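The values are calculated or read from the model by the stated rules, or taken from the named source; none is laboratory data. A quick note: this is a predicted structure, and the numbers were derived from the prediction, not measured. Cβ placement follows ideal geometry from the backbone for every residue including glycine, while neighbour counts extend to all protein chains displayed.
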Amino acid sequence: MAEEKAQTTPSGASFAQLQQRKPATPGGDMQFIQDVPLKLNVQLGSTKILVQDALQLGEGSVVELEKSAGEPLDVLIGDKLVARGEVVVVNEKFGVRLTDILK
(Lines give C-alpha, C1' and ligand atoms only; values in the text may rest on other atoms or scores of the structure.)
Protein backbone atom coordinates (compact mmCIF):
# COMPACT_ATOMS: atom_id res chain seq x y z
CA MET A 1 0.00 0.00 0.00
CA ALA A 2 1.27 3.39 -0.88
CA GLU A 3 1.24 5.99 1.85
CA GLU A 4 -0.41 9.19 0.92
CA LYS A 5 0.99 12.37 2.38
CA ALA A 6 -1.59 14.79 3.61
CA GLN A 7 -1.22 18.06 1.91
CA THR A 8 -1.73 21.20 3.96
CA THR A 9 -2.08 24.63 2.63
CA PRO A 10 -0.62 27.50 4.63
CA SER A 11 -3.08 29.95 6.06
CA GLY A 12 -2.51 33.55 7.10
CA ALA A 13 -1.53 34.28 10.69
CA SER A 14 -4.05 36.06 12.86
CA PHE A 15 -3.06 38.79 15.30
CA ALA A 16 -5.01 40.62 17.94
CA GLN A 17 -5.99 44.14 17.07
CA LEU A 18 -3.44 46.67 18.39
CA GLN A 19 -4.77 49.34 20.70
CA GLN A 20 -3.29 52.80 20.84
CA ARG A 21 -2.34 53.85 24.35
CA LYS A 22 -2.07 57.34 25.71
CA PRO A 23 1.53 58.49 26.05
CA ALA A 24 2.92 58.26 29.56
CA THR A 25 2.74 61.42 31.59
CA PRO A 26 6.07 63.14 32.29
CA GLY A 27 7.60 61.27 35.21
CA GLY A 28 5.16 58.41 34.63
CA ASP A 29 3.39 56.57 37.38
CA MET A 30 6.15 56.40 40.00
CA GLN A 31 3.87 54.96 42.67
CA PHE A 32 5.42 51.49 42.46
CA ILE A 33 8.94 52.65 43.43
CA GLN A 34 8.13 55.17 46.14
CA ASP A 35 8.73 52.66 48.94
CA VAL A 36 12.23 51.70 47.74
CA PRO A 37 14.79 52.75 50.38
CA LEU A 38 17.72 54.93 49.28
CA LYS A 39 20.89 55.63 51.23
CA LEU A 40 21.43 59.37 51.60
CA ASN A 41 24.86 60.55 52.76
CA VAL A 42 25.95 64.00 53.82
CA GLN A 43 29.65 64.62 53.30
CA LEU A 44 31.32 67.12 55.56
CA GLY A 45 34.60 66.94 53.66
CA SER A 46 37.46 64.64 52.76
CA THR A 47 41.21 64.53 52.54
CA LYS A 48 44.01 62.18 51.52
CA ILE A 49 46.64 61.06 54.01
CA LEU A 50 49.58 58.70 53.89
CA VAL A 51 49.37 55.26 55.47
CA GLN A 52 52.06 56.20 57.99
CA ASP A 53 49.98 59.22 59.06
CA ALA A 54 46.83 57.08 59.35
CA LEU A 55 48.68 54.62 61.60
CA GLN A 56 49.60 57.48 63.95
CA LEU A 57 45.99 58.66 64.39
CA GLY A 58 44.65 58.31 67.89
CA GLU A 59 42.04 59.69 70.22
CA GLY A 60 42.21 63.48 70.09
CA SER A 61 43.94 63.58 66.68
CA VAL A 62 42.73 66.28 64.33
CA VAL A 63 42.43 65.61 60.60
CA GLU A 64 42.20 68.70 58.42
CA LEU A 65 39.61 68.47 55.65
CA GLU A 66 39.74 70.08 52.22
CA LYS A 67 36.57 72.13 52.81
CA SER A 68 36.62 75.39 54.71
CA ALA A 69 34.35 76.13 57.66
CA GLY A 70 31.02 77.49 56.44
CA GLU A 71 31.15 75.82 53.02
CA PRO A 72 28.03 73.88 52.03
CA LEU A 73 27.90 70.14 52.74
CA ASP A 74 27.49 67.69 49.85
CA VAL A 75 24.32 65.56 49.90
CA LEU A 76 24.69 62.31 47.98
CA ILE A 77 22.34 59.49 47.05
CA GLY A 78 24.63 56.57 46.37
CA ASP A 79 27.66 58.21 44.78
CA LYS A 80 25.60 60.88 42.98
CA LEU A 81 25.72 64.46 44.25
CA VAL A 82 22.09 65.63 44.40
CA ALA A 83 22.11 68.69 46.67
CA ARG A 84 24.12 70.95 48.95
CA GLY A 85 23.15 72.16 52.38
CA GLU A 86 24.13 73.50 55.79
CA VAL A 87 24.31 71.88 59.22
CA VAL A 88 21.36 72.37 61.58
CA VAL A 89 20.49 70.91 64.97
CA VAL A 90 17.03 69.36 65.34
CA ASN A 91 15.97 67.91 68.72
CA GLU A 92 19.62 67.60 69.79
CA LYS A 93 20.52 65.71 66.58
CA PHE A 94 22.45 66.97 63.59
CA GLY A 95 20.57 67.55 60.35
CA VAL A 96 21.09 69.26 57.03
CA ARG A 97 19.04 72.11 55.56
CA LEU A 98 19.11 71.84 51.77
CA THR A 99 20.17 75.10 50.20
CA ASP A 100 20.69 73.98 46.59
CA ILE A 101 19.11 71.07 44.67
CA LEU A 102 21.25 69.99 41.71
CA LYS A 103 19.78 68.86 38.40
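A count restricted to the range 55-78 and to residues that are under 14 Å from residue 45 (Cα atoms), of a type outside the set (A, V, I, L, M) and within 18 Å of the chain's Cα centre (by Cα) stands at 1. Of the numbered criteria (1) surrounded by 10 or more Cβ atoms within 10 Å (Cβ to Cβ); (2) at pLDDT 95 or above, the one residue 61 fails is (1).
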